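Trainee: Okay, handing you the structure first.
Nothing in this text is a laboratory measurement; each read-out follows from the coordinates by a stated rule. For clarity, every value in this text was computed on a predicted model and none was experimentally measured. Cβ: placed from backbone, ideal geometry, glycine included. Neighbour counts: every protein chain shown.
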Amino acid sequence: MNPSPAAAVPAGGGEGVVDRGLETELLEAALASGANVVLEGPPGTGKSTLLREVAQHRSTTFVLVEGNAELTPARIVGQFDPAQVLTVGYDPEVFVDGPLLTAMREGGLFYVEELNRVPEETLNTLLAVMSEREIRVPRLGVVSAAPGFSVVAAMNPYDAVGTARVSGAIYDRTCRIVMGYQTAEAEEAITASRAPVPSPDWTRRAVSMIRASRDHPDLRVGASVRGAIDLAGILHQLTARRGVKAEDWYAGRDAARVALSGRVRVEESSPRTAEEVVEELYVTAFGPEPSDDDADRDEQDPSDGGAPPQPGGPGEA
């Protein structure tokens, strides 16, 4: 048998949700009313984290599936164990529940990531479930959802690659909560809580660089706060390996190239590479490449054990 595409995930990812008070209130109200919900927004805006927090608060089973072209109806509903069928026939006892039936039987939340990547045939399987709270499975019968069950989906409306149009029938059965990027202060708090940042000033600069990527004229897609988190983690490891200061300019530039060049998407009409744009963003946030005079001042800094600067010399402020 193929492995299940999802399993019950413990509610509450332990990450916490920052600056999402309104969205949390709206989601809790919608689920309490029995509605199905679509969380719509770009990657890195905390859709999964928000839902885990709400599921934890409700003490509800949280079952996740990732939307892709391979997500067939059988993979979400379940199937009879072929080996057992040969022995005992289509006995309900040998039916292996898929993630959808697991959530239905336990009154949990069935969460579909990347809703617009799910094949239409699979989405159609959810129609009766979303409206009638039951599903008819061949040779098994009707399975009704326990109280508390809801379907929640997430989608990125800005990514058209590998996606399909979600039918009006699905939208008619869901409520929609839009989740945009959080404030700069919230993204700074998220970065500092998830990664070994060198200092609050570094965090502010890193987040400003990430946010600037979303409006850069050469980029059609910018980076989410995950870019700042990875940037901090890579910088921490890189400076330790090189034996340089935690805020070393060159280590930061190299870490930025690694953390961001694969996340951003350059406009097809732009002659520039992703690395070139990332370096421009880095220079804007952290300043230009240090000059030889800057290096001399660092070497003479008394805090580093060097000779104190002479009055009127290059080390004097």
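Trainee: Nearest 0.05, what FRET efficiency do N68 and R241 give at R0 = 35 Å with Cβ-Cβ as r?
Mentor: Values: r = 36 Å, r/R0 = 1.04.
The value I calculate is 0.45.
Trainee: While we're here: With the crude spin-label approximation of a point 7 Å out along Cα→Cβ, what separation in nm comes out for V96 versus Q84?
Mentor: The answer from the label model is 1.0 nm.
Trainee: For the pair A35 and L22, how long in nm is the line joining their label points, each one 7 Å along Cα→Cβ?
Mentor: 1.5
Trainee: Between rounded, prolate and oblate, where does region 8-178 land on the alpha carbon gyration tensor, with a ≥ b ≥ c its root eigenvalues, rounded for a/c under 1.5, else prolate if a/b exceeds b/c? Present the calculation step by step, with values, prior to reporting the outcome.
Mentor: Values: a/c = 1.92, a/b = 1.53, b/c = 1.26.
Judged from the Cα gyration tensor, region 8-178 comes out prolate (a/c at least 1.5, a/b above b/c).
Trainee: Would you mind telling me the antiparallel percentage of the DSSP bridges in region 8-178, rounded to 5?
Mentor: Values: 9 of 27 bridges.
Once the DSSP bridges in region 8-178 are tallied, antiparallel ones form about 35 percent.
Trainee: Something else about it: Once the piece of chain linking Y250 and R214 is laid out straight, how much longer is it, given 0.36 nm per residue of separation minus the C-alpha distance between them?
Mentor: Numbers: separation 36, 0.36 × 36 = 12.96 nm, distance 2.35 nm.
Fully extending the segment from Y250 to R214 adds 10.6 nm.
Trainee: Sort the following peptides by mean Cβ neighbour count (other Cβ atoms within 10 Å, averaged over residues), highest first: 76-88, 29-41, 46-58.
Mentor: Numbers: 76-88: 15.4, 29-41: 17.5, 46-58: 20.7.
Descending mean neighbour count gives 46-58, 29-41, 76-88.
Trainee: Would you grab the residues whose amide H sits under 5 Å from the one on L64? Only those 5+ places off in sequence or on another chain, please, with H modelled 1.01 Å from N.
Mentor: Hits under the 5 Å cutoff: A7, V9, Y111.
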